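The values are calculated or read from the model by the stated rules, or taken from the named source; none is laboratory data. Given the structure is predicted, the values throughout are model-derived calculations rather than measurements. Methodologically, a virtual Cβ is constructed for each residue, glycine included, from the backbone with ideal geometry; neighbour enumeration extends over all protein chains shown. All accessible areas refer to the heavy atoms of the entire protein, side chains included, with ligands and DNA or RNA removed. Shrake-Rupley method; radii C 1.70, N 1.55, O 1.52, S 1.80 Å.
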Amino acid sequence: MSGGLDHLAPALSALAAGAIAAGLAGRASPPVAVAGAPAEPAATFVTLTLGGARRGCIGSLRARRPLGEDVAHNARAAAFEDPRFPALRPTEVAGLTGSVAVLSAETPIHAADGPALLAALRPGIDGLVIEDRGRRATFLPAVWEQLPEPRDFLRALKRKAGLPELPSASLVARRYTASAVVLVGLAAEIADRQ
């Protein structure tokens, strides 16, 4: 992670592993204090992967909980509550890897949907939240690796939100950045806690 949080990577890995191991065992998650972590609330996303494919991704767009609590909550949710995947099984732990993205505050993009919005996007930098017609979706900045063209990025995000691809005068767009850390030794830490 950037922004002076590199030293927290082992603690965040341990928190995620503890929350996932507790979920596998049907127990409550362990305490989530992180020594040296900023006291202010943080918004995080936890992404779990298995065999190189996404296995769960859950997060918070708004900072509401302390960093450790948000990571533990989202790690457990990514493992067991992502509606796109079945709950994580103990047999999947050995190949599990993951990452945490710590999000900045969102800022509005003052550009109309269409060419102006596409021109305002910063590929590889911006995470994007769109809202329209009661629907909302986000893509983390890491999604630019799969969709490097702004038009494709926005089109796929609209599909994710269930919105038509045509420009909409009522679309609201906000950007954020994210600092990411790999959850080092996640599978081994979960196995040690079972």
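Here are a few things to note about the model shown:
- Mean accessible surface per residue for region 34-127, computed with a 1.4 Å probe while every protein chain stays in place, in Å²: 46
- Here's how it looks for E81: its modeled amide H is under 5 Å from none belonging to a residue 5 or more places away or on a different chain.
- Between V143 and R89, the C-beta separation translates, for a Förster distance of 22 Å, into a calculated FRET efficiency of about 0.25.
- Within the accessible area of region 1-51 (1.4 Å probe), percent carbon and sulfur: 63
- Computed on protein heavy atoms with a 1.4 Å probe, the accessible areas place V34, V100 in the order V34, V100, largest first.
- With each label modelled as a point 7 angstrom along the Cα→C-beta vector, the A105-E81 pair spans 2.6 nm.
- Under DSSP loop assignment and at most 14 Cβ neighbours within 10 Å, longest trypsin sites (Lys or Arg not before Pro)-free interval of the chain: 134-194
- Compared with the dominant principal axis of the Cα atoms in the chain, helix 150-161 is inclined by about 70°.
- When a 1.4 Å probe is rolled over the protein heavy atoms, the share of accessible surface on region 60-194 that falls to carbon and sulfur comes to 56 percent.
- Read-out semi-axes √(5λ) of the Cα gyration tensor in Å, derived from the coordinates shown; its label in (1) 23, 23, 14; (2) 31, 18, 14; (3) 68, 26, 12: (2)
- The C-alpha atoms of the chain define a longest principal axis, and helix 67-80 lies at about 90 degrees to it.
- Computed from Cα positions, the angle between helix 9-25 and the longest principal axis of the chain comes to roughly 70 degrees.
- Accessible solvent surface per residue of region 151-191, calculated while the other protein chains remain in place, 1.4 angstrom probe, Å²: 49
- The shape of region 54-143 comes out prolate: with a ≥ b ≥ c from the C-alpha gyration tensor, a/c is at least 1.5 and a/b beats b/c.
- The slack in the chain from V184 to E165, taken as 0.36 nm per residue of separation less the alpha-carbon distance, amounts to 3.0 nm.
- Normalised contact order of region 126-170, rounded percent, pairs of Cα under 8 Å and 6 or more residues apart: 35
- For region 53-63, 3J(HN,Hα) per residue [Karplus equation, 6.51 cos²θ - 1.76 cosθ + 1.60, θ = phi - 60°, Hz, x = Gly/Pro]: 9, 4, 10, x, 8, 9, x, 10, 7, 10, 6
- Accessible-area order (highest first, 1.4 angstrom probe) of the listed residues H7, H73, H110: H110, H7, H73
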